[in-house]
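Enquirer: I have a structure here, written as structure tokens, and I will follow up with some questions on it.
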Amino acid sequence: MKRTLFALSLAAAMVMPFAIGASAKDENPMVGGAAMYRSKNIVENAMNSADHTTLVAAVKAAGLVQTLQGKGPFTVFAPTNAAFEKLPTGTVETLLRPENKSMLTNVLTYHVVAGKYDAKKLMQLIRKGGGQATLKTASGGTLTARMSGAKGISVTDEKGGSAMVTTANVYQSNGVIHVVDTVLMPR
């Protein structure tokens, strides 16, 4: 019985990192067609991802480049271009207007959590929280992380919208990125 439990635990431990994204062995995972280097910071890597051009443009428009190049550590739930395309028509253009900089900053910093929360740490917090973990964002809001099925993590915003982590554990010199499929919206 003990051997069976050990074997199942070992098998689960080996499968889980692959199920939720980049593995610990994958030093430079590919995101948006580009290698993400642990030696580069969040902005440097995001600028190379073809899947994150909208996010990078928004970070620049909000004046957050220096902040996200800072020491950190930061955990960023990084929406893809396809995630931004899910927003109602005209939303991105409206947010990128100079007069809406504070609103844009609030949306972007809502995707940032102080500290380094890789998938292993998120799963520990979820188990400790009885199935969910509440994360305080840089904007002052909260995100709720939950397991999604046996192999994934979902993140729910304050409005009830949910994003799936499609690539987890993209380590940076100043934190970790989890690629998400939906833009999370603060209250």
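Enquirer: Can you pull out the residues in the range 158-183 that are out of contact with any Ser or Thr (no Cβ under 8 Å at 6 or more places or on another chain) and in a loop (DSSP other than H, G, I, E, B)?
Expert: K159, G160, N174, V183
Enquirer: Return the residues of the range 38-49 that are open to solvent by 20 Å² or more (accessible area, probe 1.4 Å) and either within 19 Å of G115 (Cα to Cα) or in contact with a strand residue (DSSP E or B) (Cβ under 7 Å, 6 or more places away or on another chain) (or both); say none if nothing qualifies.
Expert: So in the range 38-49, the residues open to solvent by 20 Å² or more (accessible area, probe 1.4 Å) come out as 38-40, 44, 47-48.
Listed by number, the residues that qualify are R38, S39, K40, E44, N48.
Enquirer: Sticking with this structure for a sec: Check the range 47-69 and report whether any residue there is within 24 Å of L122 (Cα to Cα), more than 15 Å from the chain's Cα centre (by Cα) and not in a helix (DSSP H, G or I).
Expert: Yes, there is a match, as at least one residue in the range 47-69 is within 24 Å of L122 (Cα to Cα), more than 15 Å from the chain's Cα centre (by Cα) and not in a helix (DSSP H, G or I).
Enquirer: Separate question: Can you pull out the residues in the range 102-155 that are assigned to a strand (DSSP E or B), out of contact with any Lys or Arg (no Cβ under 9 Å at 6 or more places or on another chain) and not charged (D, E, K, R)?
Expert: Filtering the range 102-155 down to residues assigned to a strand (DSSP E or B) leaves 112-114, 132-136, 142-148, 152-155.
So of that shortlist, the ones also out of contact with any Lys or Arg (no Cβ under 9 Å at 6 or more places or on another chain) come out as 112, 134-136, 144-146, 148, 152.
The answer is V112, T134, L135, T144, A145, S148, G152.
Enquirer: Here's a follow-up. Suppose we filter L143, L125 for residues that are under 19 Å from G175 (Cβ atoms) and under 15 Å from the mean Cα position of the chain (by Cα); which single one remains?
Expert: Only one candidate passes the filter, namely L143.
Enquirer: Within the range 76-112, take every residue that is among the polar types (S, T, N, Q) and closer than 23 Å to A50 by Cβ and give me the one that is most open to solvent (accessible area, probe 1.4 Å).
Expert: It comes out as T89.
Enquirer: What are the pairs, 6+ residues apart or on separate chains, where a residue within the range 26-52 that is at positive phi has its Cβ under 6 Å from a residue that is open to solvent by 20 Å² or more (accessible area, probe 1.4 Å)?
Expert: Between residues of the range 26-52 that are at positive phi and residues that are open to solvent by 20 Å² or more (accessible area, probe 1.4 Å), the close pairs are G32/A50; G32/D51; G33/A50.
A quick yes/no check of all residues on (1) more than 24 Å from P186 (Cβ to Cβ); (2) of a type outside the set (S, T, Y):
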position	(1), (2)
R38	yes, yes
T54	no, no
G63	no, yes
G72	no, yes
N81	no, yes
P88	no, yes
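Enquirer: Check whether at least one residue in the range 130-141 is open to solvent by 30 Å² or more (accessible area, probe 1.4 Å) and either closer than 20 Å to V43 by Cβ or in contact (Cβ under 8 Å) with a residue 40 or more places away in the chain (or both), and report yes or no.
Expert: Yes: one or more hits.
Matching residues to (1) closer than 18 Å to N106 by Cβ; (2) in contact with a Phe, Trp or Tyr (Cβ under 8 Å, 6 or more places away or on another chain); (3) of a type outside the set (K, R):
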{"residue": "V31", "(1), (2), (3)": "no, no, yes"}
{"residue": "S39", "(1), (2), (3)": "no, no, yes"}
{"residue": "A46", "(1), (2), (3)": "no, no, yes"}
{"residue": "D51", "(1), (2), (3)": "no, no, yes"}
{"residue": "G63", "(1), (2), (3)": "yes, no, yes"}
{"residue": "K71", "(1), (2), (3)": "no, no, no"}
{"residue": "F74", "(1), (2), (3)": "yes, no, yes"}
{"residue": "A82", "(1), (2), (3)": "no, no, yes"}
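Enquirer: Consider G175 carefully, then state whether it is without any contact (Cβ under 8 Å) to a residue 12 or more places away in the chain and open to solvent by less than 70 Å² (accessible area, probe 1.4 Å).
Expert: Criteria not met by G175.
Enquirer: Now for a separate question. Only one of R146, R187, R97 is more than 22 Å from N45 (Cα to Cα), of a type outside the set (A, V, I, L, M), without any contact (Cβ under 8 Å) to a residue 24 or more places away in the chain and in contact with a Gly (Cβ under 8 Å, 6 or more places away or on another chain). Can you tell me which?
Expert: Working: R187 fails: without any contact (Cβ under 8 Å) to a residue 24 or more places away in the chain; R97 fails: in contact with a Gly (Cβ under 8 Å, 6 or more places away or on another chain).
Going through R146, R187, R97 in turn, the sole match is R146.
Enquirer: Of a type outside the set (A, V, I, L, M, F, W, C), part of a helix (DSSP H, G or I) and at pLDDT below 90: is that true of E93 in this structure?
Expert: Details: of a type outside the set (A, V, I, L, M, F, W, C): yes; part of a helix (DSSP H, G or I): yes; at pLDDT below 90: no.
When the stated conditions are applied, E93 does not pass them.
The values are calculated or read from the model by the stated rules, or taken from the named source; none is laboratory data. Quick caveat: nothing in here was measured; it's all calculated off a predicted structure. Here the Cβ is made from the backbone with ideal geometry for all residues, glycine too, and neighbour counts use every protein chain on show. These accessible areas exclude ligands, DNA and RNA; they are computed on the full protein's heavy atoms, side chains included. Shrake-Rupley method; radii C 1.70, N 1.55, O 1.52, S 1.80 Å.
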